[in-house]
Amino acid sequence: MRNCTRRIASIALNRFALIGFSTTLLIACSADEPVKTSSMAVQGLYSAALSDSGSSSLVGSIQHGGSFWKNAPSQRLYNWNHTAGQATPLISVDIDPSGNFAVTGGERTMVLWSAVTGESLGFWNTPGSIRSLKLTRNGDFALVGMDDQTARFFDVKNGGIKQTLRTGAIVRSVDVTPDGRYALTGDDLYQVILWDLNTGEVRQRWQLDNNISTVKLSDDGAYVFAAAQLGDAKIWSSVTGVEVSHIDTGALQSRNVTISQAVFSSSNRSLLIGQQNRRVNLLNVTTGEVTRSWDLHLKDTLRPTGAAVLALAFGNGSTYYAIGSNGYLNVLQ
């Protein structure tokens with residue numbers, strides 16, 4: 001069945017009249033499988049990113065370090081590591097919105113790359129251990145969340161730090177609008193903070209019920225998504241701060257599942273979320289209702305090793321892309 005949930009209104013009847021009472025039930029359906037998969041790593045991944053169109057991938061593999069891929073047909077274009085002859089454990093990676101630049105983050109090092117030529121464009125040391133990083137359009141700036149209780153907004157092409165955003169806790173997840181105007185951080189004080197990167201000031205602040213696992217901004221900065229580890233997941237208006245929808249994670253908690261990734265559609269009508277149990281859901285932004293579900297490919301179905309969702313992208317039409325921690329790219333329809 002294509003829709004993973006279906007809302008059904010039940011109407012109670014007595015023997016004489018129709019009683020105007022209704023309840024909404026969620027009928028769960030089985031998830032779909034990928035229509036196509038391709039392997040990008042033998043032993044799994046530390047990190048992964050997809051271009052906005054889903055046409056290219058960047059992965060930090062356990063065995064070989066960083067590599068940049070063309071997705072259709074699947075082809076490795078470049079091998080990227082921070083030290084010659086050594087595989088760098090890449091904690092976080094990203095591809096900029098134009099698809100022409102990429103960034104890789106090791107423990108305390110960050111490298112900007114050309115996705116066109118494969119060349120390194122700059123190397124930086126960071127003041128704290130990197131937890132998460134995101135690039136603005138054309139790779140001009142990088143927002144880096146670190147364990148020193150800050151997120152730093154780096155000018156990665158010219159050098160220097162434009163803003164230091166102090167949260168008071170380890171910053172687990174970050175995002176930035178393509179134009180570099182707004183930043184979003186999620187930390188271990190359960191805070192989700194929207195920042196103005198021109199001034200460094202806080203614009204909105206929200207609280208969830210556990211350490212923040214992932215945050216996401218819509219490209220125009222109108223919507224904010226955040227999820228807590230084994231806890232709440234919500235969408236808010238960045239302008240008013242008002243909650244738009246609440247993603248019901250009650251069932252997720254009972255199964256010890258955390259939402260690990262999310263991405264808004266260009267129209268802001270839909271949201272893709274990925275979980276640590278290989279499930280990908282397509283949601284309606286305004287209602288939070290799940291409209292489609294998929295399960296990522298497992299390398300060995302007899303002895304499955306799991307596949308947490310590390311990266312997501314909307315493709316053209318009804319095609320979506322996801323990368324699992326087991327090293328497989330999944331095409332979803």
With a probe of 1.4 Å, find how much accessible area the stretch 165-228 has per residue, and write the answer as a whole number in Å². 35
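For the stretch 27-95, with every protein chain kept in place, what is the accessible area per residue (1.4 Å probe, Å²)?
Numbers: 3140 Å² over 69 residues.
For the stretch 27-95, the per-residue accessible area is 46 Å².
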Any residue on another chain or 5+ positions along whose placed amide H is under 5 Å from the amide H of HIS82 is listed here as THR88
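About the Cα centre, and with charges only on the beta carbon of Lys, Arg (+1) and Asp, Glu (-1), how big is the dipole of the chain? Nearest 20 debye, please.
That gives a dipole near 680 debye.
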Full extension from THR291 to ALA72: what is 0.36 nm times the residue separation minus their Cα-Cα distance, to one decimal in nm? 76.2 nm
Summing +1 per Lys or Arg and -1 per Asp or Glu among the other residues with Cβ less than 12 Å from LEU271's Cβ gives +3
Fully extended, how many nm does the chain gain between ALA84 and SER98 (0.36 nm per residue separation, minus their Cα-Cα distance)? 2.3 nm
Return the sequence-ordered ³J(HN,Hα) values of the stretch 314-328 in whole Hz as given by the Karplus equation 6.51 cos²θ - 1.76 cosθ + 1.60 applied to θ = phi - 60°, using x for Gly and Pro. 7, x, 8, x, 9, 9, 10, 10, 8, 10, x, 5, 7, x, 9
Given points 7 Å out from each Cα along the Cα-Cβ axis, report the ARG166 to THR117 separation in nanometres with one decimal. 4.0
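Compute the projected area of the convex hull of the Cα atoms of the chain, averaged over all viewing directions, and report it in nm² to one decimal place.
18.5
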Mean Cβ-within-10 Å packing, highest first, puts peptides 186-192, 91-97, 171-177 in the order 171-177, 91-97, 186-192
With an 8 Å Cα cut-off and a minimum separation of 6 or more residues, compute the relative contact order for the stretch 16-160 in percent. 14
Which residues' amide hydrogens lie under 5 Å from the amide hydrogen of VAL215, considering only partners 5 or more residues apart or on another chain, with H built in the peptide plane? VAL174
Using modelled amide H (1.01 Å from N, peptide plane; none on Pro or chain starts), what sits under 5 Å from the amide H of ARG203, excluding residues fewer than 5 places away? LEU194, TRP195, ASP196
Net lengthening on full extension, VAL242/ASN316 (0.36 nm per residue, minus Cα-Cα): 23.6 nm
If I compute solvent accessible area with a 1.4 Å probe over the protein chains, what percent of it on the chain is carbon and sulfur? 46
Taking the Cα centre of the chain as the origin and placing charges on Cβ (Lys, Arg +1; Asp, Glu -1), which of SER266, ILE170, GLY159 is farthest toward the positive end of the dipole? SER266
So, relative contact order of the chain in percent, Cα under 8 Å, 6 or more apart, is 14
Using 7 Å Cα-to-Cβ label points, what is the SER53/SER39 separation (nm, one decimal)? 2.9
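The values are calculated or read from the model by the stated rules, or taken from the named source; none is laboratory data. Fair warning: this is a prediction, and the values are worked out from it, not measured in the lab. All Cβ positions, glycine included, derive from the backbone under ideal geometry; neighbour counts span all protein chains shown. Keep in mind that these areas ignore ligands, DNA and RNA; they rest on the heavy atoms of the full protein, side chains included. Shrake-Rupley method; radii C 1.70, N 1.55, O 1.52, S 1.80 Å.
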